[in-house]
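For reference, the structure is listed below as structure tokens.
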Amino acid sequence: MGKFKLFLLFYLLLNISAFSQSFRGYDLWLGYATVTEPLLLKEYQDITKSIFFKDDSATLGAAKDELTTALYKMLGQEPNFTDAQGTDNTLIISKKSDLNPSVLEKLSADFDEIGKEGFVIKTITLGRKPVLVLSANEDLGILYGVFRLLILMQQHKGLGQLAVFDAPKIELRMLNHWDNLDRTVERGYAGFSLWDWHTLPENIDQRYIDYARANASIGINAVSLTNVNANALILTPMYLEKVEALADVFRPYGIRVFLTARFSAPIEIGGLKTADPLDTNVQKWWNEKANEIYQRIPDFGGFLVKANSEGQPGPQNYGRNHVDGANMMAKALSPHNGLVIWRAFVYSEHDASDRAKQAYTEFVPYDGQFMDNVMVQVKNGAIDFQPREPFHPMFGA
């Protein structure tokens with residue numbers, strides 16, 4: 001019995017070691033493990049035998065690179081891409097505008113319904129043989145469609161009779177980082193910040209690209225890079241150059257960059273004596289700062305702002321209200337289609353009322369007064385990082 005237990009332990013250690021070498025946590029769900037089931041492997045190899053994929057943009061190039069990497073890892077062979085679209089193809093990946101009329105007719109897809117980010121994956125018959133078609137209105141839809149196809153393959157789903165029509169239901173799908181410029185992370189428990197500001201913009205770490213890939217694979221299309229307890233330095237030319245480098249990495253994956261804007265930035269980095277949102281010099285400063293950012297980053301998302309909360313400066317420092325502060329920034333961003341995301345996580349220890357309703361009491365009276373490009377952001381619950389609590393009352397406002 002002792003020898004058997006020793007053998008079993010040795011066997012388990014060998015298998016754990018083999019698994020550890022084949023699976024890296026770094027890859028997340030993009031590891032693309034080899035398909036070992038013979039019939040499924042043959043099906044996938046047959047479907048990817050002749051692929052038409054027109055990659056004439058950075059986003060389509062990213063989609064094609066992802067597909068190439070994944071198919072090689074899963075199927076053990078380089079995918080065969082062709083220049084012609086027709087009956088010889090087994091897989092056609094193309095925007096609607098580039099599809100042959102015969103293919104488009106057989107798709108029978110409502111492309112208006114799937115919008116800019118949606119996609120269709122459907123098996124059709126061309127020349128009496130099945131052909132898998134992945135199509136979309138825009139480049140980003142193709143990228144999302146490729147990730148969906150790879151998900152199906154990783155789940156070992158059959159691809160012979162597919163009819164997938166999908167599109168995001170939420171327009172802004174965003175991650176908020178709480179990363180500081182010294183690379184510490186507020187409420188962070190997994191090491192230093194991903195953004196190495198000291199080596200940007202010259203050094204583009206592969207992790208930035210892999211971060212973008214992972215986010216795009218689940219439909220994330222925006223990211224706020226910095227802590228809501230903001231440092232005004234992020235808006236200086238030196239740091240904007242670094243942000244520009246990250247935005248260039250993220251753009252092919254459909255991810256727009258947002259920054260946290262410190263309300264007192266006109267004083268701290270602009271040389272003004274006030275940050276009063278009704279002061280014309282302050283308004284001019286924010287207008288010029290917005291123009292400066294958009295010259296560098298044409299698809300810049302906008303500002304995430306924590307104001308008059310937990311000691312952060314805000315419009316109430318000058319006898320103004322949240323509408324005054326948010327709309328002042330919104331006017332600066334509006335010509336560029338930028339957003340202001342104004343946090344409603346506000347409370348006061350001097351307020352005797354229930355803290356769970358303080359944000360509701362403060363913000364609901366302003367309903368209808370914010371500009372159209374202002375979003376009021378709350379946490380899931382009204383308190384802060386509770387294991388269990390009711391959802392925020394402002395969701396029902």
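Computed from the coordinates by the stated procedures, all read-outs in this text should not be read as laboratory data. Since we're looking at a predicted model, the values are computed, not measured. Counting neighbours? That spans all protein chains shown, and the Cβs are built from the backbone with ideal geometry, glycine included.
When the GluC sites (Glu not before Pro) in the range 203-291 are filtered for DSSP coil states and for at most 10 other beta-carbon atoms within 10 Å of their beta-carbon, no site remains.
Average the reciprocal distances over every distinct pair of alpha-carbons in the range 115-200, invert the result, and give the Kirkwood radius in Å.
16.2 Å
Which of rounded, prolate, oblate describes the range 174-396, given a ≥ b ≥ c as roots of the alpha-carbon gyration tensor eigenvalues and a/c under 1.5 marking rounded, otherwise prolate only if a/b is larger than b/c? Oblate, since a/c reaches 1.5 and b/c is not below a/b.
Given a Förster distance of 30 angstrom, what is the FRET efficiency for A356 paired with T280, based on the Cβ-Cβ distance and rounded to 0.05?
For R0 = 30 Å, the calculated efficiency reads 0.15.
With N as its number of residues, the range 240-298 has a Cα radius of gyration that, divided by 2.2 N^0.38 Å, comes to 1.30. Here the extension length gained between K273 and M238 equals 10.3 nm, from 0.36 nm per residue of separation less the Cα-Cα distance.
Full extension of the chain between D56 and Q77 gives 5.2 nm of extra length, using 0.36 nm per residue less the Cα-Cα distance. Since only A245, L67, A382 are under comparison, the one whose Cα sits farthest along the positive direction of the charge dipole of the chain, derived from C-beta charges on Lys, Arg, Asp and Glu, is L67. Can you pull out the trypsin sites (Lys or Arg not before Pro) in the range 335-397 whose DSSP state is coil and whose Cβ has at most 13 other Cβ atoms within 10 Å? Answer by residue number: R388.
Given points 7 Å out from each Cα along the Cα-Cβ axis, report the H156 to N291 separation in nanometres with one decimal. The answer from the label model is 6.1 nm. Placing +1 on the Cβ of every Lys and Arg and -1 on the Cβ of every Asp and Glu, with nothing else charged, gives the chain a dipole about its Cα centre of roughly 1040 debye. Taken as Cα centroids, the range 296-352 and the range 124-144 sit 43 Å apart, rounded to the nearest whole angstrom.
About the centre of its Cα atoms, the range 174-396 shows a dipole size close to 220 debye [charges on the beta carbon of Lys, Arg (+1) and Asp, Glu (-1) only; nearest 20 debye].
Using DSSP loop states and a limit of at most 11 other Cβ atoms within 10 Å to flag chymotrypsin sites (Phe, Trp or Tyr not before Pro), what is the longest stretch of the chain containing no flagged site?
Result for the longest clean stretch: 190-384.
Multiplying the residue separation of K129 and Q386 by 0.36 nm and subtracting their alpha-carbon distance yields 86.9 nm. The simple Förster model, with R0 at 25 Å and r as the Cβ-Cβ distance, assigns F192 and D248 a FRET efficiency of 0.65.
Label reach from E105 (point 7 Å along Cα→C-beta): in the range 116-157, amide nitrogens under 17 Å belong to 124-129, 131. Couplings 3J(HN,Hα) for the range 56-61, derived from phi with the Karplus relation 6.51 cos²θ - 1.76 cosθ + 1.60 (θ = phi - 60°), are 9, 8, 5, 5, 5, x Hz, where x marks Gly and Pro.
Quick query: amide H of D166 versus all other amide H atoms, modeled in the peptide plane; which residues come in under 5 Å with a sequence gap of 5 or more or a different chain? Result for D166 returns F119.
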